[in-house]
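The values are calculated or read from the model by the stated rules, or taken from the named source; none is laboratory data. All values derive from a computational prediction rather than experimental measurement. Heavy atoms of the whole protein, side chains included, go into the accessibility calculation; ligands, DNA and RNA do not. Shrake-Rupley method; radii C 1.70, N 1.55, O 1.52, S 1.80 Å.
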Amino acid sequence: MTTATITVKGMTCSGCVNSVTKALKGVAGVEEARVDLQSQTATVTFDEAKTSVAELKAAIEEAGYETE
Ligand code: 9UX
């Protein structure tokens with residue numbers, strides 16, 4: 001298990017936070033996802049055998065937000 005912090009751009013309200021959180025929790029291997037509006041970050045704990053930062057970023061982007 002590892003934890004990564006990803007910058008998420010474009011979240012402007014708590015609904016956005018919920019969307020990003022749901023997108024991340026829907027990825028197989030994600031154990032915990034904490035998304036913070038003010039700092040524009042997602043802190044994600046996941047199983048490296050099942051997913052990767054690249055896949056997490058792709059899920060965020062599919063939900064309509066940008067990552068960096
Ligand atoms: Mo809030 Mo985010 O109404 O796309 S959900 S701005």
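Tell me the per residue accessible area of the chain using a 1.4 Å probe; a whole number in Å² is fine.
Using a 1.4 Å probe on heavy atoms only, each residue of the chain averages 58 Å².
With a 1.4 Å probe and all protein chains left in place, how much of the accessible area of the chain comes from carbon and sulfur atoms, in whole percent? Display every interim value, and only then the final one.
Details: 1770 of 3940 Å².
About 45 percent, which is the carbon plus sulfur part of the accessible surface.
List the lysines whose Cα sits under 20 Å from the Cα of K9, skipping any in the same chain fewer than 8 residues away.
List returned: K22, K25, K57.
By how many degrees, 0 to 90 and rounded to 10, does the Cα axis of helix 53-62 deviate from the longest principal axis of the chain?
40
Mean 1/r over all different Cα pairs, inverted: what Kirkwood radius does the chain give, in Å?
Taking the inverse mean of 1/r over all distinct Cα pairs, the chain comes out at 11.4 Å.
If you build a Gaussian network model of the chain, linking Cα atoms that sit under 10 Å apart, which residue out of A54, A23, A42 swings the most?
Of A54, A23, A42, the Gaussian network model singles out A54 as fluctuating most.
Helix 14-25 sits at what angle to the longest principal axis of the chain, using alpha carbons and giving 0 to 90 degrees rounded to 10?
Tilt relative to the chain: about 10 degrees.
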